[in-house]
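Participant: Here it is, the structure, as structure tokens.
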Amino acid sequence: MKLLKSSLFIMATAISFSSVAENYKFEAADSTLATQLCVQAGNNNKSGIKSVMRKMYGSSSSAYAINTIRCNNLSIAKFSFKYGAKNTFKYLNVRSFGENKVIPTTSITDVALLPNDENKALTTVYVLAKL
């Protein structure tokens, strides 16, 4: 019985956290490959990032692109972190250095105090990259 109660509590907690996250739609403000890279980062598409980087730099080091391209005035790792793209953030942050790297911190948010907005609207983020 305790196992069932624990399982239900964990499931309810996971569902409440997933409803807190916002939904984002990323649109490119121009047609450059750098902007496409930023859109892929925001969309949490790791294979898309790798594909665009191959188009941009061939077989060269991906660290150069990751540490020089800015997405909406943020490093690519910080951009993916800001919008909750966990898979791309992990991939990019490992290859980032200096001010481009994100050092995650832990914070506790009382979900009971957050507004219960079940039908969150899709937020469109226009993305522009700088080299």
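The numbers here are math on the coordinates, done by the rules we state, and not lab data. Nothing here was measured: the structure is a model prediction, and the numbers come from that model. Here the Cβ positions follow ideal geometry from the backbone for every residue, glycine too, while neighbour counts run over all protein chains shown.
Participant: Read phi for every residue in segment 79-91 and hand back ³J(HN,Hα) as whole Hz from Karplus 6.51 cos²θ - 1.76 cosθ + 1.60, θ = phi - 60°, with x for Gly and Pro.
Facilitator: Along segment 79-91, the couplings run 5, 5, 5, 4, 9, x, 8, 5, 5, 5, 4, 4, 4 Hz.
Participant: Residue by residue through segment 46-55, which ³J(HN,Hα) values in whole Hz follow from phi under the Karplus form 6.51 cos²θ - 1.76 cosθ + 1.60 (θ = phi - 60°), with glycine and proline marked x?
Facilitator: Listing the rounded values in order: 5, 5, x, 4, 4, 5, 5, 5, 5, 5 Hz.
Participant: What are the ³J(HN,Hα) values, in whole Hz, obtained from phi via the Karplus relation 6.51 cos²θ - 1.76 cosθ + 1.60 with θ = phi - 60°, for each residue of segment 25-38 in sequence order, with x given for Gly and Pro?
Facilitator: 10, 9, 10, 6, 7, 8, 9, 6, 5, 4, 5, 4, 4, 5
Participant: Quick one: which of LYS25/LYS55; LYS25/LYS86; LYS86/LYS130; LYS50/LYS101; LYS55/LYS86 span more than 21 angstrom between C-alpha atoms? Each step should come with its number before you reach the end.
Facilitator: Values: LYS25/LYS55 23 Å; LYS25/LYS86 16 Å; LYS86/LYS130 23 Å; LYS50/LYS101 18 Å; LYS55/LYS86 23 Å.
Beyond 21 Å between Cα atoms: LYS25/LYS55; LYS86/LYS130; LYS55/LYS86.
Participant: For ALA129, what is the net charge nearby, where nearby means another residue's Cβ is under 12 Å from its Cβ and Lys, Arg count +1, Asp, Glu -1? Let's see the in-between values first.
Facilitator: Working: positive: ARG70, LYS130; negative: ASP30.
Surrounding charge for ALA129 is +1.
Participant: With the contact rule set at Cα under 8 Å and sequence spacing of 6 or more, what percent relative contact order holds for segment 22-130?
Facilitator: Details: 153 pairs, mean separation 45.8, N = 109.
Computed over segment 22-130, the figure is 42 percent.
Participant: Follow-up. Once the piece of chain linking ARG54 and LYS130 is laid out straight, how much longer is it, given 0.36 nm per residue of separation minus the C-alpha distance between them? Provide the component values of the computation, followed by the final result.
Facilitator: Numbers: separation 76, 0.36 × 76 = 27.36 nm, distance 1.79 nm.
Extending this stretch completely gives an extra 25.6 nm.
Participant: Any idea what the relative contact order of segment 24-80 is, in percent, if you count C-alpha pairs under 8 Å spaced at least 6 apart?
Facilitator: Values: 46 pairs, mean separation 17.3, N = 57.
Relative contact order for segment 24-80 comes out at 30 percent.
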